[in-house]
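See structure below.
Readers should treat all values here as calculations from the given coordinates under stated rules, not as data from a laboratory. Bear in mind the structure is a predicted one, so any value in this text is a computation, not a measurement. Neighbour counts run over all protein chains shown; Cβ positions are idealised from the backbone, glycine included.
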Amino acid sequence: MSAAQFANQYSFALGGAMSLAVLAIWLFRDGITLNDLLAFGALAFGLGIAYFTFKPGESSENSPAAVLEEIGAGTPVLLEFQSPF
């Protein structure tokens with residue numbers, strides 16, 4: 001796997017880790033206080049929630065025959081193609 005492909009596939013994790021590192025450097029430069037820990041924890045929690053909320057999941061329809069049957073039923077069908085990367 002090339003570096004560009006790795007960065008593309010794991011961009012959210014890399015961006016989140018970079019955001020946490022920058023925030024940690026900025027918050028903890030003058031010592032660690034409770035407010036600093038709360039701000040850092042809030043960002044980490046928010047990134048975790050965002051990751052698990054927006055990551056691609058399994059398809060709601062796994063059978064190609066069922067998809068073709070829905071398409072040919074005469075009603076509009078919205079097809080979405082997603083990649084986990």
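What shape does the stretch 1-43 take by its C-alpha gyration tensor, where a ≥ b ≥ c are the square roots of the eigenvalues and a/c under 1.5 counts as rounded, a/b above b/c as prolate, and the rest as oblate?
Prolate is the answer for the stretch 1-43, as a/c is 1.5 or above and a/b outweighs b/c.
Identify, among 64, 52, 32, the residue whose Cα sits farthest towards the positive end of the charge dipole of the stretch 3-71, taking +1 on the Cβ of Lys and Arg and -1 on the Cβ of Asp and Glu, with the dipole about the Cα centre.
32
Ranked from highest to lowest mean number of other Cβ atoms within 10 Å per residue, what is the order of the peptides 7-18, 67-78?
Packing proxy ranking, top to bottom: 7-18, 67-78.
Kindly express, to the nearest 10 degrees and within the range 0 to 90, the angle between helix 11-27's C-alpha long axis and the longest C-alpha principal axis of the chain.
Helix 11-27 and the main axis of the chain meet at about 20 degrees.
Grab the eigenvalues of the alpha-carbon gyration tensor for the chain, scale each by 5, take roots, and send me the semi-axes largest first in whole angstrom.
Details: eigenvalues 357, 53, 12 Å².
The answer is 42, 16, 8 Å, longest axis first.
Placing +1 at every Lys and Arg Cβ and -1 at every Asp and Glu Cβ, with all other atoms neutral, what dipole size does the chain have around its Cα centre, in debye to the nearest 20?
It comes to approximately 400 debye.
How high is the relative contact order of the chain? Use alpha-carbon pairs under 8 Å, at least six apart in sequence, and give a whole percent.
Value for the chain: 32 percent.
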